[in-house]
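The values are calculated or read from the model by the stated rules, or taken from the named source; none is laboratory data. Only a predicted model underlies this, so the values are computations on that prediction, with no experimental measurement involved. FYI the Cβ positions are ideal-geometry reconstructions off the backbone, even for glycines, and counts take in every protein chain you see. Ligands, DNA and RNA are stripped out before the accessible areas are found, and what is left, the full protein with its side chains, is counted by its heavy atoms. Shrake-Rupley method; radii C 1.70, N 1.55, O 1.52, S 1.80 Å.
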Amino acid sequence: MLAYKNRFHGHGSIRYVYANGRPVRGRLFTIKSTSNPRRHETRIAVVVSKKVAKGAVVRNRIRRRLYESFRERLDQLPANADIVCIVGSAEVATTSYEELTTALDQLLSEAGLYKSAKN
């Protein structure tokens, strides 16, 4: 599970990323990200609408799978990034973990969120 310090708290922070974040769209989900100079930790939120998955069990499964993928990549992300992952397909719940991580890596690379190899 993703640590408490790496999760969003309150709707205001997520609204800020929605309004000011740069979107990168994929087949399964969209990533919106922005830099937050007041933070020293990366913060991540996964948003799954009821339109995507009706049942809470499925929505929570999708969130857990994506939070775990982000947790594994946390050391590769910049320290002051705010990232919101908006799920657009219920397919995420049944997609293989390898395919899910590949899609996530691709979107994070497109968004320019991976630290450079020089560090």
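Residue 20: closer than 23 Å to residue 112 by Cβ and either crowded, with 18+ Cβ neighbours inside 10 Å or not acidic (Asp, Glu) (or both), yes or no? Yes: the conditions hold for residue 20. The lone criterion from (1) open to solvent by 50 Å² or more (accessible area, probe 1.4 Å); (2) over 16 Å from residue 14 (Cβ atoms); (3) free of Cβ contacts under 8 Å to residues at least 40 places away in the same chain; (4) assigned to a helix (DSSP H, G or I) left unmet by residue 62 is number (1).
Can you pull out the residues in segment 79-105 that are surrounded by 14 or more Cβ atoms within 10 Å (Cβ to Cβ) and in a helix (DSSP H, G or I)? Answer for segment 79-105, where residues must be surrounded by 14 or more Cβ atoms within 10 Å (Cβ to Cβ) and in a helix (DSSP H, G or I): 90, 91, 92, 93, 100, 101, 103, 104, 105.
Being in contact with an Asp or Glu (Cβ under 8 Å, 6 or more places away or on another chain) and over 15 Å from residue 70 (Cα atoms) is the filter; apply it to segment 1-17 and report the residue that is least open to solvent (accessible area, probe 1.4 Å). Result: 17. Note on segment 33-51: residues that are part of a strand (DSSP E or B), open to solvent by 40 Å² or more (accessible area, probe 1.4 Å) and of a type outside the set (Val, Ile, Thr) amount to 1.
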